[in-house]
Amino acid sequence: MHRRSKVLQFGLVGCALLVGGVAVRPMTAQTASPRVPLPLNVDRDPVPSPDPDTAAPVVAPTGEQAVGQVGKDDKGRFTLQTDATEVRLNVSVLDSSGRMVEGLQKDAFHVKEDGVDQTILSFRHEDLPVSIGLLIDSSGSMMDKRSAVDKASLDLIRLSNPKDEEFLVDFSQEAFIDQDFTSSLDLLQQGLSYIKSVGGTAAYDALVASADYLAKKAKNPKQVLIIITDGDDNASSATLEQAIRRIQDLDGPVIYCIGLLFGDDVDRHEARHAKAVLEQISLQTGGVAYFPKSLKEVDAIAGEVAADIRAQYTLSYRSTNPASKGGYRQIRVDAKAKGYGRLDVRTRSGYFPKVPVQSGAQ
């Protein structure tokens, strides 16, 4: 009988987040991948804990690339200084009715970092292939929701770019890969059949572990995590702010959250807290949090997520503020175009630049 394979045993020691290796279930006659330790370190000073009940913003680092500049030090040695930061953004644009707006040109967008105008270096608006991690809560309370969630998950994949690759994770107190990266709907459907609903909910750990897996294994630079859960985290080693920091420090994915926080047996305080947390995760990464009122709405939401991913603009800019100055930088992207009224733009809210490094030789 097939057994799902444990993906990531996630532990927190001091300020270090440790992710265990990945053992991927064999898809055909292939041998399962050996478990390889993948340590993750959170090496920045702790950021203030958010108050999920009031949805206070998390000050969390986001991923970026340091751009090399060649110079000489005071001894005449050539050095490579990485003090210019190129920031990549996935951007969704909506009109006043909440409909996706496509077909805008580069000059419609304006980017500010800490209130200072930035020059857009690259701009693309096309249906680029995406690497997607689909995370499904497999705690005991999800048992009666699984059929609707499975259908919505498969329909989301059907509506996605055929060149996308997806991997499937289920999580309760631990996270498991039920299907490694594939473009096969049949394999993903088979992976869904391995999920068993039991135990608690370690959503933060599952998100960090999956973001790490994306960073190491994904073929596409555009990356997304979609998490479907029905309750508050009650089993993670990581805190919310540690999870957000680690995800975005990996140049992390856009995260879409679907919270199934309905039902007569739902604790209202816990649901309110869970809602604020999911909104926070999405806000910080440029995604969206959805909260259907019944299982009948889940499939339609899956379609919205697929459409949002495919309609995004991708742009980048090189920060005018040297990375060596450190500090959190807030990002604001606006869009204006003839024929449209007010346009709402959704992207990640900011980032911490990585500390500049120098290397030199005699």
**Study point:** Where a residue in the stretch 257-270 is closer than 29 Å to Val224 by Cα and its partner, wherever it lies, is surrounded by fewer than 16 Cβ atoms within 10 Å (Cβ to Cβ) and among the charged types (D, E, K, R), with Cβ under 8 Å and at least six apart
**Key:** Phe262/Lys293
Practice item. Out of the residues in the stretch 194-206 that are over 14 Å from Leu134 (Cα atoms) and out of contact with any Asp or Glu (no Cβ under 7 Å at 6 or more places or on another chain), state the one that is surrounded by the fewest Cβ atoms within 10 Å (Cβ to Cβ). Key: Val198
Practice item. From (1) at pLDDT below 95; (2) under 22 Å from Ile244 (Cβ atoms); (3) not assigned by TED's automatic domain parsing to the domain that holds Val111, pick out the condition that doesn't hold for Asp265. Key: (2)
Review point. In the stretch 192-206, what residues are touching a Phe, Trp or Tyr at 6+ places or on another chain (Cβ under 9 Å) and either without any contact (Cβ under 8 Å) to a residue 40 or more places away in the chain or within 24 Å of Gly287 (Cα to Cα) (or both)?
Key: Thr201, Ala202, Ala203, Tyr204, Asp205, Ala206
Point to revise | Residue ranges of strands (runs of 3 or more DSSP E) in the stretch 74-191 with at least 1 members within 22 Å of Ala311 (Cβ to Cβ) and either modelled with pLDDT of 95 or more or under 22 Å from the mean Cα position of the chain (by Cα) (or both) | key: 78-94, 109-113, 120-124, 131-137, 165-171
Review point. Just a yes or no: is a residue in the stretch 226-237 closer than 21 Å to Val298 by Cβ, within 11 Å of the chain's Cα centre (by Cα) and either assigned by TED's automatic domain parsing to the domain that holds Arg158 or in a loop (DSSP other than H, G, I, E, B) (or both)?
Key: yes
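What number of residues within the stretch 222-242 are in contact with a strand residue (DSSP E or B) (Cβ under 8 Å, 6 or more places away or on another chain) and either of a type in the set (A, V, I, L, M, F, W, C) or over 25 Å from Arg272 (Cα atoms) (or both)?
Pass one, the stretch 222-242, residues in contact with a strand residue (DSSP E or B) (Cβ under 8 Å, 6 or more places away or on another chain): 222-231, 236-238, 242.
After this cut, where a residue has to be either of a type in the set (A, V, I, L, M, F, W, C) or over 25 Å from Arg272 (Cα atoms) (or both) as well, the list is 222-228, 238.
Of the residues in the stretch 222-242, 8 are in contact with a strand residue (DSSP E or B) (Cβ under 8 Å, 6 or more places away or on another chain) and either of a type in the set (A, V, I, L, M, F, W, C) or over 25 Å from Arg272 (Cα atoms) (or both).
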Review point. Across the stretch 208-221, which residue is surrounded by the most Cβ atoms within 10 Å (Cβ to Cβ) among those that are in contact with a strand residue (DSSP E or B) (Cβ under 7 Å, 6 or more places away or on another chain) and not in a helix (DSSP H, G or I)?
Key: Ala218
Review point. Failed condition for Cys257, given (1) outside any helix (DSSP H, G or I); (2) in contact with a Leu (Cβ under 9 Å, 6 or more places away or on another chain); (3) surrounded by fewer than 22 Cβ atoms within 10 Å (Cβ to Cβ), with all others met?
Key: (3)
Check your understanding: Taking the stretch 322-342 only, how many residues are in contact with a Ser or Thr (Cβ under 8 Å, 6 or more places away or on another chain), surrounded by 15 or more Cβ atoms within 10 Å (Cβ to Cβ) and not in a helix (DSSP H, G or I)?
Key -> 3
Review point. Quick one: Tyr313 ticks every box in (1) without any contact (Cβ under 8 Å) to a residue 12 or more places away in the chain; (2) touching a His at 6+ places or on another chain (Cβ under 9 Å) bar one, so which box is it?
Key: (1)
Practice item. Go through the stretch 307-321 and count every residue that is small (Gly, Ala, Ser) and either crowded, with 22+ Cβ neighbours inside 10 Å or farther than 15 Å from Gly287 by Cα (or both). Key: 2
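The values are calculated or read from the model by the stated rules, or taken from the named source; none is laboratory data. It should be emphasised that the depicted structure is a prediction, and the values quoted were computed from it without experimental measurement. Cβ: placed from backbone, ideal geometry, glycine included. Neighbour counts: every protein chain shown.
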